[in-house]
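**Student:** Sharing a structure with you now.
The values are calculated or read from the model by the stated rules, or taken from the named source; none is laboratory data. Everything numeric here is computed off the predicted structure, so don't read it as measured data. Cβ placement follows ideal geometry from the backbone for every residue including glycine, while neighbour counts extend to all protein chains displayed. Heavy atoms of the whole protein, side chains included, go into the accessibility calculation; ligands, DNA and RNA do not. Shrake-Rupley method; radii C 1.70, N 1.55, O 1.52, S 1.80 Å.
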Amino acid sequence: MDSVFVTRKIPDRGLNEITRAFRTSVWPNEEPPSRKEIIENARECTGLVTLLSDPIDAEVLDALPRLKIVAQYAVGYDNIDVEHATKRGIMVTN
């Protein structure tokens, strides 16, 4: 089963959909996870649900070899290196 790391608690409606379909872990703290904590928690994940405050740059993307998608829980995606994700074949959506 694919796994997803959610970098912060999101509304139950969306989180319930994710947990029904995937093995899911959610960052438990109010403060955002650091780049290192994102990598540690998502190392084996194929999906990542992020917020605008999460730095998803080339370093993070390259440290997550199984990653297939980054789903941003926000309108923008300035925190995600979309060009690098595209080169790696990782879908980016919001």
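**Student:** Assigning unit charges at the beta carbon (Lys, Arg +1; Asp, Glu -1) and nothing else, what dipole magnitude in debye, to the nearest 20, does the chain show about its Cα centre? The partial results should precede the final answer.
**Tutor:** Values: 12 positive and 15 negative charges, 75 e Å.
Result for the chain is approximately 360 debye, rounded to the nearest 20.
**Student:** Please give every one of the lysines within straight-line cross-link reach of Lys87, meaning a C-alpha to C-alpha distance under 21 Å, and leave out same-chain neighbours fewer than 8 residues apart.
**Tutor:** The qualifying lysines are Lys68.
**Student:** Can you list the residues, at least 5 places off or on another chain, whose amide H is less than 5 Å from the amide H of Val49, using H built in the peptide plane?
**Tutor:** For Val49, the qualifying residues are Phe5, Val6, Thr7, Ala71.
**Student:** Now a separate question. Sort 60-71, 42-53, 24-35, 1-12 for me by packing, meaning the mean count of neighbouring Cβ atoms within 10 Å per residue, highest on top. The partial results should precede the final answer.
**Tutor:** Values: 60-71: 17.5, 42-53: 19.8, 24-35: 13.7, 1-12: 15.7.
Highest mean packing first, the order is 42-53, 60-71, 1-12, 24-35.
**Student:** Mind grabbing the accessible area of Arg88 for me, 1.4 Å probe, Å², rounded to tens?
**Tutor:** 80
**Student:** What percent does the relative contact order of the chain come to when contacts are Cα pairs within less than 8 Å and at least six residues apart? Mind showing how you got there, number by number?
**Tutor:** Working: 167 pairs, mean separation 24.5, N = 94.
Reported as a whole number, the value is 26 percent.
**Student:** Angle between the Cα long axis of helix 12-21 and the longest principal axis of the chain, 0 to 90 degrees, nearest 10?
**Tutor:** The two axes meet at around 70 degrees.
**Student:** Amide H of Val92: which non-local residues (sequence gap of 5 or more, or other chain) have their own amide H closer than 5 Å, using H built in the peptide plane?
**Tutor:** Val70
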